[in-house]
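The values are calculated or read from the model by the stated rules, or taken from the named source; none is laboratory data. Quantities reported herein were computed from a predicted structural model and do not represent experimental measurements. Methodologically, a virtual Cβ is constructed for each residue, glycine included, from the backbone with ideal geometry; neighbour enumeration extends over all protein chains shown. To get the accessible areas, we keep the full protein, side chains included, count just its heavy atoms, and leave off ligands, DNA and RNA. Shrake-Rupley method; radii C 1.70, N 1.55, O 1.52, S 1.80 Å.
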Amino acid sequence: MKVNKFILLLLAFCCIGQINAQSINIIPEPINVTIGKGVYQLPKTIAINAPSSAKEVTDQITKQVSKATGRNVTLSKNDASITLEILKFEVLGSEGYTLNVNANGIVIGANTNAGLFYGWQTLQQIMPAAIFAKSTQPNTQWQLPYVSIMDKPRFAWRGLMLDVSRHFFTKAEVKRYIDDMVRYKYNVLHLHLTDDQGWRIEIKSMPKLTEVGAWRPERKGKWANTKAPALDEPKSYGGFYTHEDIKELVAYAKSKFVEIVPEIDVPGHSMAMLAAYPELSTVPTNKFSVNIGQEFIDWEGMNGHITAKIENTLNPASEKVYTALDKIFGEVAELFPSSYIHMGGDECPKNNWEKSSDVMDLMKRENLQNQQEVQSYFVKRVEKIINSKGKKLMGWDEILEGGLPGNAAVMSWRGMKGGIEAAKQNHKVVMSPNDYTYIDYYQGEVTAEGKVYQGLRLNRTYQFEPLPEGVDPTMILGGQANLWTEQVQDIRNAEYMTYPRALAVAESVWSPKEKKNWDKFVGKVEQHFEKLDAAEIKYSKSMYDAIVTTKLNTKGELLVSVASEISGLSFYYSLDESLPDNYSNVYSNTFVLPEDVSILRVIGYRDGKQIGKMLSIPMESLKSRAKRVL
Ligand code: ACM
């Protein structure tokens, strides 16, 4: 009997230990977490005690807890399981929170509703994954570990950018994207609303922008490889947000403490606008059409001159352009409460400006020495317009060329260089360097993922550090990951590209630098896969796949090396087209690929179980990735 009791006690202790070990997997990592001994069990009826000023957070907690648990959730000051408290605790700032779970229940404290909301996000992460479910999960043990947490963000700007131009995402899909991002404490959604492939926001004073600019013939399949449209081909693909849609999205985002920052990308990336209003170009034609994904820029000289084979820029010398932009930014400023409006400014080809007599006259009149100064003249005019609407201008780092206007903020995308330069000039900066935070880039083996410009793995993304050494921290607003959608055609794929890399960026912009730890992060990501499954969010498991590189030796033989993004994996491979398993060749060292191999198949295992997907890499790809002779 005594022994049985002891075993029961031991079992109970192990169970508690298990809950503790499994449940504290918070992303982004908080400032301070102290795990207690014990577990709190949610009761059959769950009472929430919260001030009426926190209604918008309380409503969201009530809705999710009652949906996932199927239990009755009431508002009550007595016997509360969940208490929300507004504090006056200066150190927490405007977004920080405390979270305590013990035998008396759950208490979230914060100075603001935003802080309470982030405390709620953390609370969900220490609950069973079923809390994220879209339907009731009756078989769940609704227990959570005793814990005490103090937390607040490192940066104020924690952004994700969604390109809704290249592919259109409906209002419901944008809301879903917001629902997902706030779980990881992002607070800025940058909407890239206009580009060559579609104008996505109603401008009442310029109706053709959406009547014409929002629609194009439909293409499926690989981007930049699309057939040119026939003259009479129906323009069946597209969409846009009306003023009412935007108001609804802004209000929805606000209820989740997200600010939507709109981008109208000018003077380049404007083919959809020219399709609607061709008179705004330097090129005398009315034959513009919304681009459907054909290549139209010669990218040679990416960091200097790029050349438009089909024109896509506005005429910087035309007053009609500034009148149009005044109308557009006027309506945009009315719709979005954000203090910044993003004007794009990136990748503007100048080959048609160089030939334009309008631009030449402008250069003489304004004493502009080159096309960079012409672009700078354009940006300064746009800044005046944006400022006149009570807003501040933000642009991609190209707006540095030819001189930054007065108060402009810079979003640094061609690495961090532009951001560092802008900060030195006392301009505010958001860091979104393509080599760390471009989540449209493929995230694993290229032949398995589909090629998108270049690759960016989770471990590289995790190294993103928004504050470079020697830069004044007060100039760095924060960081952002950008999801361009040339190759992203639907919301499921948008999620796949976003997760788990957005988890890595979330730690870079929220957590203290010294709290970041790659191995710990990987363990947490694995736990979050369960949460993402429960929330029905698609994500990539590419971190379990082999990283295959090749080199040519002096004999002309191809040497193959296999590396791993995370520790603890074994890789098995075949050279004879058969499907490998854990009885096949195990990779231990670089090997010479026999000449007659047509395909290398390789697969990741952990603890005797397949964990990665099978990669099948054709010989041509293995040859083409051999970079140098040994
Ligand atoms: C950009 O990626 N062109 C900002």
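Listed values for region 52-65 are Karplus-derived 3J(HN,Hα) couplings in whole Hz (6.51 cos²θ - 1.76 cosθ + 1.60, θ = phi - 60°), namely 5, 5, 9, 4, 5, 6, 4, 4, 5, 5, 4, 4, 6, 5, and x replaces Gly and Pro. Between Glu469 and Arg492, the simple label model (points 7 Å from Cα in the Cβ direction) yields a spacing of 4.6 nm. In this view, the solvent-accessible surface of Met411, computed with a 1.4 Å probe and all protein chains in place, comes to about 0 Å².
Can you tell me the relative contact order of the chain? Whole percent, Cα pairs under 8 Å, sequence separation 6 or more.
Details: 1341 pairs, mean separation 71.1, N = 630.
About 11 percent, as a whole number.
Here the gap between Leu552 and Tyr453, fully extended at 0.36 nm per residue and compared with their Cα-Cα distance, gives a gain of 33.2 nm. In order along region 604-619, phi translates into HN-Hα couplings of x, 10, 9, 6, x, 10, 4, 10, x, 8, 6, 9, 10, 10, x, 3 Hz, rounded to whole numbers, per the Karplus curve 6.51 cos²θ - 1.76 cosθ + 1.60 with θ = phi - 60° and x for Gly and Pro. In terms of its C-alpha gyration tensor, region 398-523 comes out oblate, because a/c is 1.5 or above while a/b does not outweigh b/c.
Here region 260-406 has an Rg and Dmax of 14.6, 40 Å, counting Cα atoms alone.
Please give the length that would be gained between Ala103 and Lys37 if that part of the chain were fully extended, namely 0.36 nm times their separation in residues minus their C-alpha to C-alpha distance (nm, one decimal). Mind dumping the intermediate values first?
Numbers: separation 66, 0.36 × 66 = 23.76 nm, distance 1.00 nm.
In short, 22.8 nm is gained.
R0 = 25 Å: FRET efficiency of Ser567 with Ser588, Cβ-based, nearest 0.05?
Working: r = 16 Å, r/R0 = 0.62.
Here the calculated transfer efficiency is 0.95.
Placing one identical point scatterer on every Cα of region 158-249 and ignoring solvent, what is log10 I(q)/I(0) from the Debye formula at q = 0.23 Å⁻¹? Log-scaled intensity ratios, in q order: -1.19.
What is region 461-557's relative contact order, in percent, from Cα pairs under 8 angstrom and six or more apart in sequence?
Working: 57 pairs, mean separation 31.5, N = 97.
Dividing the mean separation by the residue count of region 461-557 yields 32 percent.
Can you give the percent of C-alpha pairs in the chain whose distance is more than 46 Å? Of all Cα-Cα distances in the chain, 24 percent exceed 46 Å.
Given a 1.4 Å probe, how much area per residue of the chain is accessible, in Å²?
On the way: 26740 Å² over 630 residues.
Per-residue value: 42 Å².
Using a simple spin-label model with pseudo-atoms 7 Å out from Cα toward Cβ, Leu75 and Ser578 lie 6.8 nm apart.
A Förster distance of 51 Å, applied to the separation of the beta-carbon atoms of Lys235 and Ser598, puts the FRET efficiency at 0.75.
Solvent exposure of Asp435, expressed as accessible area, is near 60 Å², computed with a probe of 1.4 Å over the protein chains only.
The Glu244 and Lys392 beta-carbon pair, evaluated with R₀ = 41 Å, returns a calculated FRET efficiency of approximately 0.95.
Pulled fully out, how much extra length does the chain show between Asp59 and Glu218, if you take 0.36 nm times their separation in residues and subtract their Cα-Cα distance? Numbers along the way, then the final one.
Details: separation 159, 0.36 × 159 = 57.24 nm, distance 4.10 nm.
This chain segment gains 53.1 nm when fully extended.
Nonpolar atom fraction for the chain, defined as the carbon and sulfur part of the 1.4 Å probe accessible area, stands at 52 percent. Counting only alpha carbon atoms, the long axis of helix 518-534 and the longest principal axis of the chain meet at about 90°. Counting only protein heavy atoms and using a 1.4 Å probe, the accessible area of Phe529 comes to about 10 Å².
Listed by chain and number, the lysines placed with their C-alpha closer than 21 angstrom to that of Lys77 are Lys44, Lys55, Lys63, Lys88; residues fewer than eight positions away on the same chain are left out.
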